[in-house]
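> Have a look at this one.
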Amino acid sequence: MTIYQNLIAGEWIGSDATKNINPSDTNEVVGLYADGSAEDTKNAIAAAKAAFPAWSRSGIWERHVILKKAGDEIMARKDELGALLAREEGKTLPEAIGETIRASQIFEFFAGEVLRLAGETIPSARPNIGVEITRDPLGVIGIITPWNFPIAIPAWKIAPALCYGNTIVFKPAELVPACSWAIVDILHRAGLPKGVLNLVMGKGSVVGQAMLDSPDVAGITFTGSTGTGKRVAAASLEHNRKFQLEMGGKNPMVVLDDADLNVAVEAAANSGFFSTGQRCTASSRLIVTEGIHDKFVAALTAKLETLVVDNAMKSGTHIGPVVDEKQLKTDTDYIEIGKKEGAKLAFGGELLKRDTPGFYLQPTLFTEATNQMRISREEIFGPVVSVIRVKDYEEALATANDTPFGLSSGIATTSLKHATHFKRNAEAGMVMVNLPTAGVDFHVPFGGRKGSSYGPREQGKYAAEFYTSVKTSYTLA
Ligand code: NDP
């Protein structure tokens, strides 16, 4: 079997490899992917450092052409890349194709953005002096990504890093190297100069750690768990390095008595269970007022009965497998914790057998949960959702905000007053009204508050805040 190698200083290298396994069919090896070492990472950082002076001064047309070519190729290959994604991560084929299209849109967005780079010229407070405000690239950016969006998250970090003139060392999650390899291959063939984009696949504790330990990495953009995020922060402070963290969530969706029941159920089913609940923006707490509670639970349970859990590649599958055995154990451990804590298992909770061996779990709904239970406070990152009954809107809002996280927060209501108040008072980076908490656009800011995020927002033009450093120049006229 071919080994998909790491890209360091423009050369494909590496002979040690790790198997990438399909979670829908554990007999299937998606491919063999290089297992990089700390030495490989150091070489990649050195290559990125050497490539930085030329790339940071490259013409915007050169950058535009490369980003545009990448976006166009990803779109042209959306079905093939979507299938690769579904096979390595386990989200359904339509979801995986949708994610691939999003990756293409992100490259197209930054291909446009690079042509609009601009500074400001403003008068000085003093006579005969001109002031210019410009943005410089940071230098070598370390990109560390998680397994749950194997093509979109790398795209939303790589595209702006290149657009603003940075060079890159990219380490994808070990579980899902295939889509990352494909993106890097596309950009390499699109004409990126040697060393501008380096790919080092391998273990977080080896490759990721070597990036954290390097004084030559000027910025690290990280998406993943809170635990690893804290390591990134501590190591970055030591090197006086800029860093950006997107971490976990325990996203609430409030359902008020006046909600349109169908809208509320569709939004809850989508954001709680689609992508197997493995989205940082998934709704894992449904906070429901008394008057609609029983109707909502009955309708949501009826909806869950219709959802098909099966091989991600099969047409008709709504929910694919859990990503791997370790995450499946986390999910089933939390289901046991929920039962012991006294929540009522209203639906699911069982492992499923399908034609192909995989990590299949029923969507699982707890009712009669409290916001103090571990299943309501800790991120599970699986298809496990708690319903919390509350008296009224005020208690719902207080419960929604009573969490260490603050990524996305939703409300289902037909009241303009409550929707407006909720948008203003939800302690989250993103607020959804009558929509799932998951599912965002590619051209507007993405990110959260409190324990969910640290540093500037990602995506859209707000991405410039992280990938550039502002310079103010004064000139005597
Ligand atoms: P992890 O934190 O385990 O891994 C994230 C990345 O960090 C992986 O590439 C991992 O490598 C790497 N890593 C692990 N150890 C180190 C280390 N010591 N130094 C540097 N890098 C390291 O998270 P998961 O991949 O399990 O992703 C799931 C988590 O991501 C969830 O908590 C989820 O909420 C969060 N997430 C947040 C999002 C957001 O935008 N807020 C979006 C998507 C996910 P390896 O895989 O090889 O171990």
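The values are calculated or read from the model by the stated rules, or taken from the named source; none is laboratory data. Since the model is a prediction, treat every value here as computed from it, not as a measurement. Counting neighbours? That spans all protein chains shown, and the Cβs are built from the backbone with ideal geometry, glycine included. Heads up: the accessible areas ignore ligands, DNA and RNA and are worked out on the full protein's heavy atoms, side chains in. Shrake-Rupley method; radii C 1.70, N 1.55, O 1.52, S 1.80 Å.
> According to a simple spin-label model (label point 7 Å from Cα along Cα-to-Cβ), what is the distance in nm between LEU352 and LYS417?
With each label point 7 Å from Cα toward Cβ, the separation is 4.3 nm.
> What percent of all Cα-Cα pairs in region 416-464 falls into each 5 Å bin, going from 0 up to the bin containing the maximum distance?
5, 20, 23, 25, 19, 7, 2
> Just the ratio, please: alpha-carbon radius of gyration of the chain over 2.2 N^0.38 Å, N its number of residues.
Dividing the Cα Rg of the chain by 2.2 N^0.38 Å gives 1.00.
> Can you tell me the FRET efficiency between THR2 and ASP260 if r is taken as the Cβ-Cβ distance and R0 is 56 Å, rounded to the nearest 0.05?
For THR2 and ASP260, the calculated efficiency is 0.60.
> For VAL140, what is the net charge nearby, where nearby means another residue's Cβ is under 11 Å from its Cβ and Lys, Arg count +1, Asp, Glu -1?
In short, +1.
> Compute the Rg to Rh ratio over region 346-477 from the alpha carbon atoms, using the Kirkwood formula for Rh, and round to two decimal places.
Taking Rg over the Kirkwood Rh, I get 1.11.
> Mind putting together the pair-distance distribution for region 307-374? All Cα pairs, 5 Å bins, whole percent per bin, short to long.
Here the calculated profile for region 307-374 is 3, 17, 26, 21, 16, 11, 5, 2.
> Would you mind getting me the FRET efficiency between LEU307 and LYS391? Use the beta-carbon distance for r and R0 = 22 Å, nearest 0.05.
Details: r = 30 Å, r/R0 = 1.38.
Once rounded, the FRET efficiency stands at 0.10.
> For the Cα atoms of the chain, what angle does the longest principal axis make with the long axis of helix 93-113, in degrees from 0 to 90, nearest 10?
Roughly 40 degrees between the two axes.
> How large is the accessible surface per residue of the chain, computed with a 1.4 Å probe and reported in Å² as a whole number?
In whole numbers, the chain has 39 Å² accessible per residue.
> Just to be sure I follow: if Rg is taken over the C-alpha atoms of region 216-328 and Rh is the Kirkwood radius over the same atoms, what is Rg/Rh? Before the final figure, lay out each step's value.
Numbers: Rg = 18.9 Å, Rh = 16.8 Å.
That ratio equals 1.13.
> What does DSSP give for region 251-433 in terms of the percent of beta bridges that are antiparallel, rounded to the nearest 5?
20 percent
> Quick one: how many lysine pairs in region 251-433 have C-alpha atoms under 17 angstrom apart, if they're 8 or more apart or on different chains?
On the way: LYS295/LYS303; LYS295/LYS344; LYS295/LYS391; LYS314/LYS353; LYS329/LYS339; LYS329/LYS340; LYS329/LYS353.
Qualifying lysine pairs in region 251-433: 7.
> Continuing with this model, one more query. Which value in nm describes the separation of the simple spin-label points at HIS443 and LYS194, placed 7 Å from the Cα toward the beta carbon?
Simple spin-label model gives 3.8 nm for this pair.
> Then there's this: Going by amide H atoms built from the backbone, whose H comes under 5 Å of the H on THR317, apart from near neighbours?
It is none; the list stays empty.
> For region 166-176, just list the computed ³J(HN,Hα) in residue order, Karplus coefficients 6.51, -1.76 and 1.60, θ = phi - 60°, integers in Hz, with x standing in for Gly and Pro.
8, 10, 9, 10, 10, 10, x, 5, 4, 5, 9
> Can you give me the long-range amide H partners of ARG135? Hydrogens built in the peptide plane at 1.01 Å from N, cutoff under 5 Å, separation of 5 or more residues or another chain.
Counting only residues 5 or more places away or on other chains, the set is LYS471.
> Cα-based Rg (one decimal) and Dmax (whole number) for region 251-433, in Å?
For region 251-433, the Cα radius of gyration and maximum Cα-Cα distance read 15.6, 50 Å.
> Taking Cα atoms, how many degrees apart are the long axis of helix 177-189 and the longest axis of the chain, rounded to 10 and kept between 0 and 90?
30 degrees
> If Lys and Arg each add +1 and Asp and Glu each add -1, what is the summed charge of the other residues whose beta carbon sits under 10 Å from the beta carbon of ALA182?
-2
> Per DSSP H run of n ≥ 4, the term is -39500 (n - 2.57); total these for the chain, divide by its residue number, and report the mean residue ellipticity at 222 nm rounded to 500 deg cm²/dmol.
Counting only the DSSP helices, I get -12000 deg cm²/dmol.
> Something else now. What's the angle, to the nearest 10 degrees (0 to 90), between helix 416-425's Cα axis and the longest principal axis of the chain?
50 degrees
> If you count the DSSP beta bridges with both ends in the chain, what percent of them are antiparallel, to the nearest 5?
Close to 45 percent.
> Keeping the other protein chains in place, figure out the carbon and sulfur percent of the accessible area of the chain, with a 1.4 Å probe.
54 percent
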